[in-house]
Amino acid sequence: MNYDELARRVYEIVADIPAGHVLTYGTLAVLAGVPSNARQVGKIMSNAPRDLSSHRVVNHAGRTVPGWTEQRSCLEAEGVAFKENGCADLKRHLWRPI
């Protein structure tokens, strides 16, 4: 799969994440068919279209993107809870597609 195909697939998956849920880069990589390329998925997400709900993608621990302060407020507005350590509560909000 070339980069453009992978990016299209990643963006399609992200568009399906329901409000109030999050998905990790690693799980996104698995769903996109590149299970060992979470970093490449992260790079693709750094270039995501503005209208994509990319705020719903977090790292494996539930941490938001460093320097993107609006990400947490966008998630909280959708009802995503955060733990005391500042990470999204993955037990409650991790999206598990069928």
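The values are calculated or read from the model by the stated rules, or taken from the named source; none is laboratory data. Not measured: the values here are computed from a predicted model. So basically every Cβ, Gly included, is an ideal-geometry build from the backbone, and we count neighbours across all protein chains shown. With ligands, DNA and RNA removed, areas are computed over all heavy atoms of the protein, side chains included. Shrake-Rupley method; radii C 1.70, N 1.55, O 1.52, S 1.80 Å.
Annotations for the structure displayed:
- Within region 68-85, the presence of at least one residue that is of a type in the set (V, I, T) and modelled with pLDDT under 95 is confirmed.
- Of all residues in region 32-50, those satisfying the criterion of being outside any loop (DSSP other than H, G, I, E, B) and open to solvent by 90 Å² or more (accessible area, probe 1.4 Å) are R39, K43.
- Any chance P18 is part of a loop (DSSP other than H, G, I, E, B), within 24 Å of G86 (Cβ to Cβ), open to solvent by 20 Å² or more (accessible area, probe 1.4 Å) and without any contact (Cβ under 8 Å) to a residue 40 or more places away in the chain: no
- Residue that is more than 17 Å from R8 (Cβ to Cβ) and β-branched (V, I, T), where the choices are V34, V65, V57: V65
- Total residues in region 51-98 satisfying the condition of being open to solvent by less than 30 Å² (accessible area, probe 1.4 Å), part of a helix (DSSP H, G or I), over 18 Å from D16 (Cβ atoms) and of a type in the set (A, V, I, L, M, F, W, C): the figure is 0.
- Hey, E5 assigned to a helix (DSSP H, G or I) and charged (D, E, K, R) or not: yes
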